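Just so it is clear, none of the values below were taken in a lab; they were calculated from the coordinates. Because the structure is predicted, anything quoted here is derived from the model rather than measured. Every residue, glycine among them, receives a Cβ derived from its backbone with ideal geometry; neighbour counts consider all protein chains shown.
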Amino acid sequence: MNENLIVIFGDGDFPTRKAALDKLRRASGKNATLIACDHSTAALVKRGFIPDYIVGDMDSLGTSFKKRFAEKIHKNPEQTTNDQTKAFHFAINLIKEGKTGVYNICFLGTTGKREDHTIGNVSLLADYAEEAASLEKEFSGTKINICSITNYGIFRPILGTTVIDGTVGDPMSIFAFDNTLRIKSKGLEYKTDNVKFDLWWKATLNKFSAARVELNFSHPAKALLFFPF
């Protein structure tokens with residue numbers, strides 16, 4: 001099955017970690033697409049990266065860039081979503097055109113600078129995972145993986161019971177948004193069986209106590225995993 005990389009680049013802190021920079025470099029290669037969120041184009045061009053598409057309301061993209069990249073710009077003036085979400089929906093439309101295959105959507109540069117933007121952008125990953133799951137049902141043979149790589153770790157959204165392979169001692173945090181959810185865990189230093197997910201800190205700063213962690217959800221729900229570097 002064909003594997004495709006889609007990098008969505010935001011206007012937060014520019015990546016410094018190898019894992020993130022490797023993704024950014026790969027986004028210029030075969031079976032890869034680089035989507036810039038509005039003004040993030042400037043940071044990319046400054047470092048020698050040219051986006052395939054520029055998506056957003058174009059409220060912060062300089063005039064010179066608008067002229068230079070006119071054919072790459074896809075303006076979306078809608079104000080109830082942010083540029084990251086507009087870029088994600090643009091990526092989903094690209095996937096609908098390509099249909100079958102594996103698509104790895106990686107968000108870079110979407111955290112840092114302003115904490116409110118960071119929290120909003122990270123929590124949106126769970127919504128994106130839900131949309132991706134719906135698309136997978138619509139187009140059989142399509143698989144969409146979503147992650148956000150920051151300068152400090154990797155966020156991955158999940159929607160239910162899952163298994164994660166790792167190494168004993170690896171750190172991991174769980175964030176959930178449903179106070180009726182219960183997650184029974186195996187392979188974690190601190191069990192989550194009795195955790196009530198009414199505040200974000202409740203299942204953070206945990207560790208692998210085995211090479212495999214099992215998280216069993218009481219019902220389908222949106223959650224995020226964070227794996228620090």
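Structure data summary
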| item | result |
| --- | --- |
| Rounded D (µm²/s) - the range 30-97, Kirkwood Rh over Cα pairs, Stokes-Einstein at 20 °C, 1.002 mPa s | 176 µm²/s |
| Rg over Rh, two decimals, the range 159-228 (C-alpha only, Kirkwood Rh) | 0.92 |
| DSSP bridge orientation in the chain - percent antiparallel, rounded to nearest 5 | 50 percent |
| VAL168/HIS219 FRET efficiency (R0 41 Å; Cβ-Cβ; nearest 0.05) | 0.85 |
| Kirkwood estimate for the chain, i.e. one over the average of 1/r between Cα atoms, Å | 18.4 Å |
| Pairs beyond 18 Å (Cα-Cα), from LYS202/LYS222; LYS96/LYS137; LYS186/LYS207; LYS18/LYS202; LYS18/LYS86 | LYS18/LYS202; LYS18/LYS86 |
| Fewest-first ranking of LYS30, LYS86, LYS143, using other Cβ atoms within 10 Å as the exposure measure | LYS30, LYS143, LYS86 |
| Least to most buried among LYS23, LYS186 (fewest other Cβ within 10 Å first) | LYS186, LYS23 |
| Rg(Cα) / (2.2 N^0.38 Å) computed for the range 1-121, rounded to two decimals | 1.01 |
| Estimated inter-spin distance, ALA42 and HIS89, nm [label 7 Å along Cα→Cβ] | 2.6 nm |
| Exposure proxy ranking, count of Cβ atoms within 10 Å, fewest first, for SER28, SER64 | SER64, SER28 |
| Stretchable slack from ARG114 to LYS30, in nm (0.36 nm times residue separation minus alpha-carbon distance) | 26.9 nm |
| MRE, 222 nm, helices only [DSSP H, n ≥ 4, -39500 (n - 2.57), over the chain, to nearest 500] | -8500 deg cm²/dmol |
